[in-house]
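K.L.:
Here's a structure for you.
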Amino acid sequence: MQRFFIFIAIASIVAPVSTLLYAQDDTASNLRIGFSQVGTESDWRTAFTDHIVTEAARRNIELLFIDAENSQENQIAAIRYFIQEGVDAIVLAPVIETGWNAILLEAQQANIPVVIIDRNVTADESLYLTRVSSDFKHEGRLAAAWLAQATAGDCNIVELEGTVGSSAARDRHIGFLEVIQLFPEMRITVSQPGDFRRDNGEQIMEGILNTENPAEICAVWSHNDDMAIGAIEAIKKAGLDPGDDILIVSVDAIPDIFLAMMNGDTNATVELNTNMAGLAFDAIDSYFNGESVPKWIRVPGGLYFPDTAAEEYAKRT
Ligand code: AHR
């Protein structure tokens, strides 16, 4: 309870500051939008926050930004705060998939459209305006297809999973499995959740290298680049050569993973585009203009390899 009050106090401090910082441009919509962000667990996440803040400023949107510190409870409190504030719309990047029906209904009853961004929810589709996101299953399939061809379909795989209960972790796992199941000699031998955090990736990989026979590990499949970078450190500390002794494939395409590629430490990454804010704000504009909005606005992303790493790194920094 105490935590709840502190949280709201922080929120009410953040809101006016956000107004001052972000309302700089008078070219666009003048909307007031509440944004509940997952947290700061990865470089991808902070880049995504930067994009949404910049895009809001460009459109003269007053953005009430609240970082949920990876807690669904905080996100529900944030949405309630946005409703009390009477915002025009809410953008929610949900930590986990389930448990959203009641709060989305509260927003709907207050006539506030909600856009789900990045991760998915299991809630009834009628409770939100649209979802702007990548196809996480497809990301898993792309990673597995690359690994299958790189190993001729013969590989014992360590999987570093993202946040338990998040659609990003669940669907990446499902998509990856769909493909490796086509190859009788490909299997996930160990799978552990690392919450998308770099330090967890290192710690988990260190433990795995102590308990498993490293010579039998062919590859690491990491649900994000940060955990892969942590795993690279652990592999190096164990005296092995990441990217060679143990292949590595991950998701996000953050600058640091391209640096690791340039050093020969990792093999492939699937891009998760950070630039989803424009699509989310366009959908809200369409809603207020009475136009129809599709239930899923899909953000594309491709596979990247060391041959273009230097170029990609330069583009993204
Ligand atoms: O939901 C997307 C995932 O969340 C990203 O892949 C990961 O880096 C982030 O924490």
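K.L.:
Take the alpha-carbon positions of region 51-174, form their convex hull, and give its projected area averaged over all directions (one quarter of the hull surface) in nm². Don't skip to the answer; put the middle values down first.
P.N.:
Working: hull surface 36.5 nm².
That works out to 9.1 nm², a quarter of the Cα hull's surface.
K.L.:
Search the structure for amide H atoms under 5 Å from the amide H of A219, placed 1.01 Å from N in the peptide plane, and list their residues when 5 or more places away or on another chain.
P.N.:
N156, V158, L247
K.L.:
What does the charge count near D245 come to, summing +1 for each Lys or Arg and -1 for each Asp or Glu among other residues with Cβ under 15 Å from its Cβ? Before the final figure, lay out the partial values.
P.N.:
Details: positive: K236, K237; negative: E212, E216, E233, D241, D244, D265.
Within the 15 Å Cβ shell, the charges total -4.
K.L.:
Normalising by the residue count of the chain, find the relative contact order in percent from Cα pairs under 8 Å and 6+ residues apart. Provide the component values of the computation, followed by the final result.
P.N.:
Working: 667 pairs, mean separation 49.8, N = 317.
Relative contact order here is 16 percent.
K.L.:
How much area per residue is accessible in region 176-217 when the probe is 1.4 Å and only protein heavy atoms are counted (Å²)? Provide the component values of the computation, followed by the final result.
P.N.:
Working: 2450 Å² over 42 residues.
Per residue, region 176-217 has 58 Å² of solvent-accessible surface.
K.L.:
Describe numerically, in nm with one decimal, the distance between label points set 7 Å from Cα along Cα→Cβ at N60 and at A150.
P.N.:
Result: 4.8 nm between the two label points.
K.L.:
Provide the FRET efficiency to the nearest 0.05 for the D307-E216 pair, computing r from the beta carbons and using R0 = 22 Å. Walk me through the numbers on the way to the answer.
P.N.:
Values: r = 29 Å, r/R0 = 1.32.
Here the calculated transfer efficiency is 0.15.
K.L.:
What is the calculated FRET efficiency for E73 to N275, with r their C-beta to C-beta distance and R₀ = 22 Å, to the nearest 0.05?
P.N.:
On the way: r = 29 Å, r/R0 = 1.32.
Step by step, r from the Cβ atoms, then E = 0.15.
K.L.:
Is the shape of region 111-214 best called rounded, prolate or oblate, per the rule: a/c under 1.5 gives rounded, else a/b larger than b/c gives prolate, else oblate, with a ≥ b ≥ c the square roots of the Cα gyration tensor eigenvalues?
P.N.:
Details: a/c = 3.31, a/b = 1.70, b/c = 1.94.
Oblate shape, in that a/c is at least 1.5 and b/c is the bigger or equal ratio.
K.L.:
Sticking with this one: Would you mind classifying the chain by shape? Square roots of the alpha carbon gyration tensor eigenvalues, ordered a ≥ b ≥ c; an a/c under 1.5 is rounded, otherwise it is prolate if a/b is larger than b/c and oblate if not. Display every interim value, and only then the final one.
P.N.:
Values: a/c = 1.99, a/b = 1.95, b/c = 1.02.
In terms of gyration-tensor shape, prolate.
K.L.:
A further question on this structure: Using the alpha carbons of region 219-298, what is the convex hull volume per residue in cubic angstrom, as a whole number? Provide the component values of the computation, followed by the final result.
P.N.:
Numbers: hull volume 6.7 nm³, N = 80.
Spelled out: Cα convex hull of region 219-298, divided by residues, is 84 Å³.
K.L.:
Here is a follow-up. When only Cα pairs under 8 Å and 6 or more residues apart are kept, what is the percent relative contact order across region 178-280? Write down the numbers at each step before the final one.
P.N.:
Numbers: 138 pairs, mean separation 23.1, N = 103.
Reported as a whole number, the value is 22 percent.
K.L.:
Heads up, I need the accessible area for T49: 1.4 angstrom probe, whole protein in place, Å², nearest 10.
P.N.:
Number for this one is 20 Å².
K.L.:
Taking 0.36 nm per residue of sequence separation and subtracting the Cα-Cα distance, how much length would be gained by fully extending the chain between D124 and K236, in nm to one decimal?
P.N.:
Values: separation 112, 0.36 × 112 = 40.32 nm, distance 4.60 nm.
Length difference between fully extended and current span is 35.7 nm.
K.L.:
Whole Å is fine, so just give me how far the alpha carbon centre of region 51-73 lies from that of region 88-146.
P.N.:
One Cα centre to the other: 16 Å.
K.L.:
Sum -39500 (n - 2.57) across every DSSP H segment of at least 4 residues in the chain, then divide by the residue count to get the 222 nm mean residue ellipticity, nearest 500. Kindly include the intermediate steps, with their values, before the conclusion.
P.N.:
Values: 11 runs with 144 residues, N = 317.
Theoretical 222 nm ellipticity from helices: -14500 deg cm²/dmol.
K.L.:
Would you work out if region 171-224 is rounded, prolate or oblate? Take a ≥ b ≥ c from the square roots of the eigenvalues of the alpha-carbon gyration tensor; rounded if a/c is under 1.5, else prolate when a/b is larger than b/c, oblate otherwise. If you can, show how the numbers build up before the last one.
P.N.:
Working: a/c = 3.04, a/b = 1.26, b/c = 2.40.
Oblate is the answer for region 171-224, as a/c is 1.5 or above yet b/c matches or exceeds a/b.
K.L.:
Right, here's the next one. How far apart, in nm, are two points set 7 Å out from the Cα along the Cα-to-Cβ line at A102 and at D245?
P.N.:
5.1
K.L.:
Give the dimensionless ratio obtained when the Cα radius of gyration of region 59-101 is divided by 2.2 N^0.38 Å. Working shown, then result.
P.N.:
Working: Rg = 10.9 Å, N = 43, 2.2 N^0.38 = 9.2 Å.
Cα-based Rg divided by the globular estimate yields 1.18.
K.L.:
Would you mind computing, in nm to one decimal, how far apart the modelled labels at Q192 and W296 are, each placed 7 Å from Cα along Cα→Cβ?
P.N.:
Rounded to a tenth, the inter-label distance reads 3.3 nm.
The values are calculated or read from the model by the stated rules, or taken from the named source; none is laboratory data. As the structure is a computational prediction, the values presented were derived from the model and not from experiment. Note that we place each Cβ from the backbone using ideal geometry, even for glycine, and neighbour counts take in every protein chain shown. Keep in mind that these areas ignore ligands, DNA and RNA; they rest on the heavy atoms of the full protein, side chains included. Shrake-Rupley method; radii C 1.70, N 1.55, O 1.52, S 1.80 Å.
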